[in-house]
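The values are calculated or read from the model by the stated rules, or taken from the named source; none is laboratory data. Just so it is clear, the structure is predicted and the values come from calculations on it, not from any experiment. Backbone-built Cβ (ideal geometry, glycine too); neighbour counts: all protein chains shown. Heavy atoms of the whole protein, side chains included, go into the accessibility calculation; ligands, DNA and RNA do not. Shrake-Rupley method; radii C 1.70, N 1.55, O 1.52, S 1.80 Å.
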Amino acid sequence: MKQLRLKLRLTLPLLIALAGAPAFGQTGTHPTNNPPSMMREQAAREAFIDKLMSRMTVDEKIGQLRLVSLPAGSNPDKPKFMDDIRAGRAGAVFNTVTPKDIRVLQDAAMQSRLKIPLFFAYDVIHGQRTIFPIGLGLASSWNLDAIRQTGRISAIEASADGLDVTWSPMVDISRDPRWGRNSEGFGEDTYLTSRIGAELVKAYQGDDPAARDSILAMVKHFAAYGAVEGGRDYNTVDMSPQRLFQDYLPPYKAALDAGAAGVMIALNSLNGVPATGDKWLLQDVLRKQWGFKGITVSDHGAIMEMIKHGVAADGRDAARLAITAGADMSMSDTMYGDNLKPLLDSGRVSMADLDRATRDVLRVKYDLGLFQDPYRRIGRPENDPPDVNAESRLHRDAARQVARESLVLLKNQGGVLPLRKQGTIAVVGPLAKSQRDMMGNWSAAGRADQTVSAYQGIANAVGGQARLLYAKGANVIDDPEIVKYLNLYEQDVDVDPRTPAQLIDEAVAAARQADVVVAVVGESQGMAHEASSRSDIVIPDSQARLLRALKATGKPLVIVLMNGRPLALGWENDNADAMLETWFAGTEGGNAVADVLFGDYNPSGKLPMTFPRSVGQIPIYYSHLNTGRPFDPAHPDKYTSRYFDAPNGPLFPFGYGLSYTRFELSPVTLSSAEMPRNGTVQASVTVTNTGQRDGATVVQLYLQDPVASISRPVKELKHFEKVMLKAGESRKVSFTIDEDDLSFYNAQLHYGAEPGAFNVYVGLDSEDVKQAGFTLR
Ligand code: BGC
């Protein structure tokens, strides 16, 4: 591995020099590209910071690098921390989330010698007070306008709470559903994730980061955290440079190109080097190649963890590694405060390193407008919201709109859906009445009691028109050890004192009286979270038994899934009449679920991650290589790349999702059979809604380079468009393919397109596609 890294370090700069263009094929933010007014502003900022830094002591500089978690409420360390702020020993605080609580901290900073304001951050991942669907749900909407709106509302609500910064977007590509943090990201695909990450950054930051209602975005977790081995959180990441540059790094780069102010460094090691101490990653790639000029923050305790990674002997060593690698702020540890001074005294860390990191922190504060007005977002006490949880502070309409678009219809046999608002409907399952789970994890300042459960949404929709029955039917999970684990730091799952048999009997009795059964099952929000990796990805036993008992009643069975990762749903798919993937849909989740169940909204979501048949197929992703012995289901053969006990293909492919109407695609037409260098080719299809209902679908364009200098994926998403069509309506959809769409990192990590034939695939999912082709000259 050392050899590989050495190769990268030596060959990349050389290649760049030889090629005379950035080897990473990206533009990067460079001061020389900026208009004169922006350059003047930047010069003014640097002059301001120079002047301030000339007055700062070493201790004050080190203080700026400290990032402290301070949740509101009783905290024995708070008095000591207040003293630290007054003494200039802190740069920023996170986890304090109301203007009133934040103001106290800023007041203390204003009593410090130089009155340098703190900035305030929080994990605003999918909403602040109004909670939107989790990342996988937002991605399932494939609606960038709607996603941008969630980001804008998040910024409005978070800034109104006094916050300046969000630790978002999380753009870690993951192809392993065992990893619990899939829920936070946007799935397996580089292009889709890059587009979403960039939209969110622009939405959070607005046109002017100093605006009262803008917050700064810090993209995370740099880099490749989603590729932890075995899907086990915090585990090792080891990958080829081609895959790293081609698939895993572009989403971070896209967020930075969109203007993200900061980067949160990943907890994992990458090819043997913990990211927090990886000079190559944090300087050569991030700063030099990409031209990034913002701030980097370590993740929770990550500097100290370099001791356990086995690359630092002690805290001092870890602090030296981190600051010299380019980690500006230290989150939730005292590594910098305890060690930087002696490291400077002994000459093991230079003043230039400390100054560079301090400057990055001050720059963010300047850009946030905090030197002009430290209370810019906090506001004045007389304007504090009388009730921070007031209903009037929520954006329910927007939450419901995007939530309905995030739901994916996986199966609908015999048109059991949409349901009619009549007769008797049995709503069962441990998640049916859960408000907490509907919000999903990282639900910021969202409140369960303001969240619409699936049952409540269904009740709202039917009004008095249908009779509703309810039974819990099962616990989310029965295994006491797992319950203990999930409930370790907060109450995640409640265990019903009744026996499993009693719970099932009650549900079966309800089902027998009903015309249709809606079973709301899946995972608790805490099962799809940080530190929530699973070695199997099925519906937990307790709920699987419930589903079997419901099936045995012979009543039509509609499964409503709540979960934060792809699940293996073989039995469910074989036995349910309909299946709706709802992820964790947020504050308005229950109403959105009901909108789709009753056909008030025609489902349009598409999967952003492949659903395997079983855990044994993982990693499974649509953009795989062909191999030298691809398995051909039409001509099955033994010595091919396959399992002998299971099919190769997924249960549901990437990009898949049904509708209550039907869509048909015409053959693909191309504007030309040849693309000149630096030219373009237009690919067009006509999509027709051939069914009886209005509806939306997502037209997806994939490309393949079938003969290249290195083996390339069987297809890669390069463009998409979500289209709304009335029943019977047709629309032509055109995509412009350019050379960048054809480009990749070759064996020498040089980025570019190779001449020759290319395949174009257009479809409504990644498998069912129409094909065309052209040649790059
Ligand atoms: C997570 C980050 C998060 C941070 C602060 C860490 O445990 O890995 O994603 O931003 O905590 O809450």
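Among the residues of segment 183-212 satisfying the criterion of being acidic (Asp, Glu) and touching a Lys or Arg at 6+ places or on another chain (Cβ under 8 Å), which is nearest to residue 245 (Cα to Cα)?
Taking segment 183-212 and keeping what is acidic (Asp, Glu), we get 184, 188-189, 199, 207-208.
Pick out the ones that are also touching a Lys or Arg at 6+ places or on another chain (Cβ under 8 Å) and you get 188, 199.
Details: 188: 15, 199: 21 Å.
Among those residues, the one meeting the criterion is 188.
Pick out the one residue from 626, 602, 648 that is under 31 Å from the mean Cα position of the chain (by Cα), in a loop (DSSP other than H, G, I, E, B) and exposed (fewer than 15 other Cβ atoms within 10 Å of the Cβ).
On the way: 602 fails: exposed (fewer than 15 other Cβ atoms within 10 Å of the Cβ); 648 fails: exposed (fewer than 15 other Cβ atoms within 10 Å of the Cβ).
Sole residue among the options that is under 31 Å from the mean Cα position of the chain (by Cα), in a loop (DSSP other than H, G, I, E, B) and exposed (fewer than 15 other Cβ atoms within 10 Å of the Cβ): 626.
Kindly indicate which of 224, 217 is at positive phi and assigned by the TED database to the domain that holds residue 375.
Details: 217 fails: at positive phi.
Residue meeting the stated conditions: 224.
Can you pull out every residue in segment 356-388 that is out of contact with any Asp or Glu (no Cβ under 9 Å at 6 or more places or on another chain) and loosely packed, with under 15 Cβ neighbours inside 10 Å?
Across segment 356-388, the qualifying residues are 372, 373, 380, 381, 382, 383, 386, 387.
Looking only at segment 59-111, count how many residues are touching a residue at least 60 places away in the same chain (Cβ under 8 Å), outside any helix (DSSP H, G or I) and either surrounded by fewer than 18 Cβ atoms within 10 Å (Cβ to Cβ) or away from the ligand (no atom under 16 Å from the Cβ) (or both).
Here the count works out to 5.
Can you report the number of residues in segment 258-286 which are open to solvent by 10 Å² or more (accessible area, probe 1.4 Å) and within 12 Å of the ligand (Cβ to nearest atom)?
1
Exactly one of (1) assigned to a helix (DSSP H, G or I); (2) more than 20 Å from residue 452 (Cβ to Cβ) is unmet by residue 116. Its number?
(1)
Being within 16 Å of the ligand (Cβ to nearest atom) and under 19 Å from residue 609 (Cβ atoms): is that true of residue 201 here? Explain how you work it out, then say what you get.
Values: within 16 Å of the ligand (Cβ to nearest atom): yes; under 19 Å from residue 609 (Cβ atoms): no.
For residue 201, the condition - within 16 Å of the ligand (Cβ to nearest atom) and under 19 Å from residue 609 (Cβ atoms) - is not met.
Among the residues in segment 485-501, are any part of a loop (DSSP other than H, G, I, E, B), without any contact (Cβ under 8 Å) to a residue 60 or more places away in the chain and closer than 18 Å to residue 597 by Cβ?
No - not one qualifying residue is present in segment 485-501.
So residue 168 ticks every box in (1) within 13 Å of the chain's Cα centre (by Cα); (2) assigned to a loop (DSSP other than H, G, I, E, B); (3) over 24 Å from residue 362 (Cβ atoms); (4) hydroxyl-bearing (Ser, Thr, Tyr) but one. Which box is left unticked?
Answer for residue 168: the failing condition is (3).
Taking the conditions exactly as written (within 24 Å of residue 528 (Cα to Cα), outside the structural domain of residue 446 (by the TED database) and surrounded by fewer than 19 Cβ atoms within 10 Å (Cβ to Cβ)), does residue 641 satisfy them or not? If you could, list the steps in order and put the result at the bottom.
Details: within 24 Å of residue 528 (Cα to Cα): no; outside the structural domain of residue 446 (by the TED database): yes; surrounded by fewer than 19 Cβ atoms within 10 Å (Cβ to Cβ): yes.
Criteria not met by residue 641.
Got at least one residue in segment 532-547 being at positive phi, assigned by the TED database to the domain that holds residue 503 and within 29 Å of the chain's Cα centre (by Cα)? Can you show your working first?
Step one: of segment 532-547, the residues at positive phi are none.
The answer is no; no qualifying residue exists.
Could you check how many residues of segment 395-416 are in a loop (DSSP other than H, G, I, E, B) and buried (at least 24 other Cβ atoms within 10 Å of the Cβ)? Show your work before the answer.
Initial filter on segment 395-416 (in a loop (DSSP other than H, G, I, E, B)): 395, 406-407, 416.
Those left that are additionally buried (at least 24 other Cβ atoms within 10 Å of the Cβ): 406-407.
Total satisfying the criteria: 2.
Of all residues in segment 229-257 being within 16 Å of the ligand (Cβ to nearest atom) and buried (at least 24 other Cβ atoms within 10 Å of the Cβ), which is farthest from residue 42 (Cα to Cα)?
Per the criteria, the residue is 231.
Of the conditions (1) among the β-branched types (Val, Ile, Thr); (2) part of a loop (DSSP other than H, G, I, E, B); (3) open to solvent by 60 Å² or more (accessible area, probe 1.4 Å), residue 537 satisfies every one except a single condition; which number is it?
Evaluating residue 537 over (1) among the β-branched types (Val, Ile, Thr); (2) part of a loop (DSSP other than H, G, I, E, B); (3) open to solvent by 60 Å² or more (accessible area, probe 1.4 Å) leaves (3) as the failure.
What residue, of 114, 118, is touching a helix residue (DSSP H, G or I) at 6+ places or on another chain (Cβ under 7 Å) and open to solvent by 10 Å² or more (accessible area, probe 1.4 Å)?
114 is the lone residue from the list that is touching a helix residue (DSSP H, G or I) at 6+ places or on another chain (Cβ under 7 Å) and open to solvent by 10 Å² or more (accessible area, probe 1.4 Å).
For segment 677-686, does any single residue satisfy the condition of being in contact with a strand residue (DSSP E or B) (Cβ under 9 Å, 6 or more places away or on another chain), at pLDDT 95 or above, more than 25 Å from residue 774 (Cα to Cα) and outside any loop (DSSP other than H, G, I, E, B)?
no
Could you grab me the full set of residues in segment 299-321 that are within 16 Å of the ligand (Cβ to nearest atom), surrounded by 18 or more Cβ atoms within 10 Å (Cβ to Cβ) and free of Cβ contacts under 8 Å to residues at least 60 places away in the same chain?
302, 303, 304, 305, 306, 309
Suppose the filter is more than 22 Å from residue 45 (Cβ to Cβ) and within 16 Å of the ligand (Cβ to nearest atom); does residue 333 pass it? Working first, answer last.
Numbers: more than 22 Å from residue 45 (Cβ to Cβ): yes; within 16 Å of the ligand (Cβ to nearest atom): yes.
In short, yes.
Limited to segment 692-718, what total is found for residues that are free of Cβ contacts under 8 Å to residues at least 60 places away in the same chain, under 18 Å from residue 766 (Cβ atoms) and surrounded by 14 or more Cβ atoms within 10 Å (Cβ to Cβ)?
Looking only at that region, the number is 3.
Identify, please: which residue in segment 543-571 is farther than 24 Å from residue 589 by Cα and of a type in the set (Gly, Ala, Ser) and is, among those, most open to solvent (accessible area, probe 1.4 Å)?
552
Please pick out the residue among 451, 424 that is over 30 Å from residue 565 (Cβ atoms), open to solvent by less than 50 Å² (accessible area, probe 1.4 Å) and more than 16 Å from the ligand (Cβ to nearest atom). Lay out the reasoning, then the answer.
Details: 451 fails: over 30 Å from residue 565 (Cβ atoms).
After applying the criteria, what remains is 424.
Hey, residue 139 hits all of (1) under 15 Å from the mean Cα position of the chain (by Cα); (2) open to solvent by 20 Å² or more (accessible area, probe 1.4 Å) but one; which does it fall short on?
Looking at each condition in turn, residue 139 falls short on (2).
Taking the stated definitions as given, is residue 214 of a type in the set (Ser, Thr, Tyr) and open to solvent by less than 10 Å² (accessible area, probe 1.4 Å)?
On the way: of a type in the set (Ser, Thr, Tyr): yes; open to solvent by less than 10 Å² (accessible area, probe 1.4 Å): yes.
The answer is yes for residue 214.
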